[in-house]
Structure formats: structure tokens, C-alpha cells
Amino acid sequence: MRSEQTNAESGDARTESPCFERPRRMTPDDIRTARPASQPDAPALALTQSRRQMIAAGQWNASQLMGRRWPIGCVALEITQRCNLDCAACYLSENSEAVHDLPLDEIFHHINLIYEYYGPHTDVQVTGGDPTLRHRGELIAIVRRIRETGMRPTLFTNGIKATRDLLGALVDAGLVDVAFHVDMTQGRKGFDGEIALNTLRHEYIERARGLGLSVFFNTTIFDGNFEDIPHIVGFFIRNSDIVRMASFQLQADTGRGVLGMRPSRITIESATRKINAGAGAALSFDAIQIGHSHCNRCAMALVTNNKAYDMLDDRQLVTDVLEHTSHLRFDRHSRSAVTRIFAMSLLTSPRLLGRALVWAIRKAWLAKNDLVAARGRVDKLSFFIHNFMDACALERDRIDACTFTTVTSDGPISMCLHNAKRDAFILQPVRLRGSTGERLWNPLSGEIEASRACRIGETVKHSPKTAKGRLKGLYANRRSTPA
């Protein structure tokens, strides 16, 4: 675990690494003392605060969505540290498996904090570990609480226990999206390569089909699947009737992952080229910006007859439409509602409407043969690239402009920073709120104790059940191999 304790107190060689000597990199002291951002005076001011953060980080421009359309991209709500896989690129810590699940009331407190920071319509990613390992009734209650608060719950899972029955129950509770994480870093038995995993991806799609969920897929890009990315993209395009987003995360050296630093050939730019090759189109990954330009890239494609067409190819039109519609909120589950709201907004600007119609006619003419073959059906598929930071290479301006936070008992904090210092959060006693005086919940025993009795030792004793590392022998040699 590359937490601030490991880096700054144990004498680890990482504290002397050149990664801490580059300009704007966070020092061990910066990491140790990092705290959640200040809370807005009211959720309605979250958008203004986000815009100020983008300006301060030098990331504010006409194509920036943060601070214009959203105050935050999404917030991870970790409801368990347990997982039923042991991924070679895992962001959990070596101590995660020894930690009990947070009490349900504390999870509800985290949900309230997310709302207080970012307000309604916030995308809340119910994650872990794998959230399906949480007691079924509690998982359903968590999803229901998020939706009742006015936010959008997404289930982030490896899919092993995400049965159709469970997904249906979660939809009834208010689940909006499901994101399946599937790739070869997970060591799933019976699959000899990334392309073979398309069988599993298809199985997960069928579990969700007809439930009214938007389906996302997450894929970690590493040396073992880099050349297969175009084939995976092709699969998502062929299933764009239900798959709404394909998210690709570049391998990062953080948590208990054993792959080490990513090879130099794996970059945002090379990932976009692989995605474009699979899409058979030059998608515009620079027409809109979400957060820091070094962290994220996003493109959107219109798909008809299994052919992808760039949706953001007129950059000036995109930025003008974004500015004109930035106040709108769209229901991604109803294409007719989105179209209606969007059209009504454009009607208030005849000039902008005319430009949009010219673009639509030109695009329809280009795709006329595929539109005929598909009987006019058109789907939208988004592609997202996350460039997560290594634990020893955190950059202050990227942390300050973060669009993907994790909520803690004290508020949300950058996901990359949270992964780098995870033990500082998950091993600390949690102060429970109530009328019976101060009580603390011990994450290692799962018991509620008097505050003076709750102490966490400096070391964690692992049983064979909680000690992970099944893949370490397989991947250990990669850590010593230069990128």
C-alpha cells in the first residue's frame, strides 16, 4: 500500500523517487495532510465552486463541462472493501480485506454528504470492493436512499453476483445505471484472452436487457490487452442498442496492484488511436473537456447498422450548443424526452437551430445507406478514457480539478488521492452520531466501542481469508521490468 504512512514514515525509497521532485507533484507531506475540499454553503453553489476550481487549475474553457453542466463527474460510494476477485491492477490496499463493512447508518451519512457537496442529480457510483458482496437488503436500501435523496445511483461491479434478479430488485429501488468491470487483469478462469471475455460481456448484457438500465463497461488498459482494444470497441459498437458507455482506464501503479508502472506506449493518445481503429472512425476526443485535460478524454458516436459516426466533429457547434443548454438536465433513460427537451431549447435560438439542422442533414446523408439498412435506428455510444495517477506521482492541479471523487466520513476526496492513502481512511475508527454519547466503530473488529477503548494497532494481522495476493507470483516480475 502506497499510503502517506508508508511513504513518509517508513523510509520507503519512494519518498526519494524523482516523481516527487518534478514541478507541481505532491510531496509526502502534501499527501499526508490532504483533506476534502471545503463544502459549499449550499448545494446550489456547487456549480460555482466547481467553476472556480477549474479556473484555478487553468482548465476553464468553452468546452469544459465541469462548472458549466455539472459540479462533479461522479462520486464513488464505497460500501465494502471486500472483493471476490484479486485483480492485478487492484486499487484496494493490502489491508482492505481485513476491514468490516461500514455500518448502514454511516453509509447513509456519506450519501447525505454527497448531496450537501454537489446537490441533486449527482451520479453516485455504488462500489467497493464489489458492492454485491454487501447484504442484499442493505445494498437495496443504499440504492433506494440515493434515489430518494434526488441523486442517480450506478452499480459498479465485476458482475459475478449481479444476477438478473438482483438487478431487477435494484431497479425497483431506483438504480439508474450498471457498470460492469471486465478485463484480463482480473484473472477470470476459463478465458485465455481479452477477446474471449466478450462472451462474458454478452452474458452480462443479457442479464440487464429489458430492465431499463443504461449499461456501461469498464476496461483497464494494460500491456496484456493493449492490442485487443479495437476488438473490444467493435463489440461495444455491435451492442450499442443497450451499451451506452465504454470506459477505459489506463493502468496505474497504486493500491495493491502488482503490474507496476504502465508501459510508455500506453498513453491517452495511443488509447484514442486504438479506440478509433475499433470504431472505424476518427472520433473527436477533444471537442468537450471533463475536468483536467491530463486526466480524461471523452468522445461520442452515433451508431447505425453497426457503423460509428463521430457526433462531435463540428467543434464550434458543440461548444455553442453546450453553452446554450448547460442549464438543462437530461433523463438518459428516455431518448424521446431528451430529444424533446433538447429541441425545445434549440427553438429559442433560431440561428443555432439552423446550424444544428445543417449538421444533422449532412450527417444523415453521409450515413444514408446504413440508416436504410438499420431502418432508421440510431444509438449513441460514449467512449471515456481515464488516466489515473500513480500513487507516487500525484499532481496538485489534477487533484484540485478532479472529476471523480470518493466520499469519506469528512467529505469527498480525489479518487487518485484516496487510492494513494487508502489505509489512512479505512483503518481509522469511525465516530458514530447519536444521542447516547460518543461511540466509535472499529473497522477491524466491526464492533462499536467506547471512544477511549477503540484503538487501532500499527499493524494488521491477516488470516488466509483476508490476505490477498493470488496473482502476485504471476505478475511480480512485471514490477521490476522498466516501462
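Within segment 81-116, if we keep just the residues that are assigned to a loop (DSSP other than H, G, I, E, B) and of a type in the set (S, T, N, Q), the residue that is surrounded by the fewest Cβ atoms within 10 Å (Cβ to Cβ) turns out to be N84. Based on what the data block shows, is I55 surrounded by fewer than 19 Cβ atoms within 10 Å (Cβ to Cβ) and under 15 Å from Q289 (Cβ atoms)? So I55 fits the description; yes.
The residues in segment 138-150 that are surrounded by fewer than 23 Cβ atoms within 10 Å (Cβ to Cβ), of a type in the set (A, V, I, L, M, F, W, C) and either under 16 Å from G119 (Cα atoms) or in contact with an Asp or Glu (Cβ under 9 Å, 6 or more places away or on another chain) (or both) can be counted, and the count is 1.
Return the only residue of A391, A420, A374 being modelled with pLDDT of 95 or more and surrounded by 15 or more Cβ atoms within 10 Å (Cβ to Cβ).
On the way: A391 fails: modelled with pLDDT of 95 or more; A420 fails: modelled with pLDDT of 95 or more.
Only one candidate qualifies: A374.
Screening the candidates A169, A179 for the property of being of a type in the set (A, V, I, L, M, F, W, C) and in contact (Cβ under 8 Å) with a residue 60 or more places away in the chain yields one hit, A179.
Tally up the residues in segment 258-296 that are among the small types (G, A, S), in contact (Cβ under 8 Å) with a residue 60 or more places away in the chain and farther than 30 Å from P71 by Cβ, please. So the count comes out to 3. Filter segment 346-361 for residues that are surrounded by 12 or more Cβ atoms within 10 Å (Cβ to Cβ) and either of a type outside the set (A, V, I, L, M, F, W, C) or out of contact with any helix residue (DSSP H, G or I) (no Cβ under 8 Å at 6 or more places or on another chain) (or both); which is nearest to N239 (Cα to Cα)? The qualifying residue nearest to N239 (Cα to Cα) is V358. The set of residues in segment 117-137 that are buried (at least 16 other Cβ atoms within 10 Å of the Cβ) and either part of a helix (DSSP H, G or I) or more than 14 Å from the chain's Cα centre (by Cα) (or both) comprises Y117, Y118, G119, P131, T132, L133, R134. Just a yes or no: is a residue in segment 213-230 modelled with pLDDT of 95 or more, assigned to a loop (DSSP other than H, G, I, E, B) and touching a Cys at 6+ places or on another chain (Cβ under 6 Å)? Within segment 213-230, none of the residues are modelled with pLDDT of 95 or more, assigned to a loop (DSSP other than H, G, I, E, B) and touching a Cys at 6+ places or on another chain (Cβ under 6 Å).
Considering only segment 248-293, how many residues are assigned to a loop (DSSP other than H, G, I, E, B) and farther than 20 Å from R238 by Cβ? Working first, answer last.
Restricting attention to segment 248-293, the residues satisfying the condition of being assigned to a loop (DSSP other than H, G, I, E, B) are 251-267, 280-288, 290-293.
Pick out the ones that are also farther than 20 Å from R238 by Cβ and you get 251-267, 284-288, 290-293.
So the count comes out to 26.
Within segment 183-199, the set of residues being aliphatic (A, V, I, L, M) and either on the phi > 0 side of the Ramachandran plot or surrounded by fewer than 21 Cβ atoms within 10 Å (Cβ to Cβ) (or both) comprises I195, A196.
Of the residues making up segment 93-110, those that are in contact with a helix residue (DSSP H, G or I) (Cβ under 7 Å, 6 or more places away or on another chain) and in contact (Cβ under 8 Å) with a residue 40 or more places away in the chain are S93, N95, S96, V99.
The values are calculated or read from the model by the stated rules, or taken from the named source; none is laboratory data. Everything numeric in this text was worked out from a predicted model, so none of it was measured. Cβ coordinates were reconstructed from backbone atoms using ideal geometry, including for glycine residues, and neighbour counts include every protein chain displayed.
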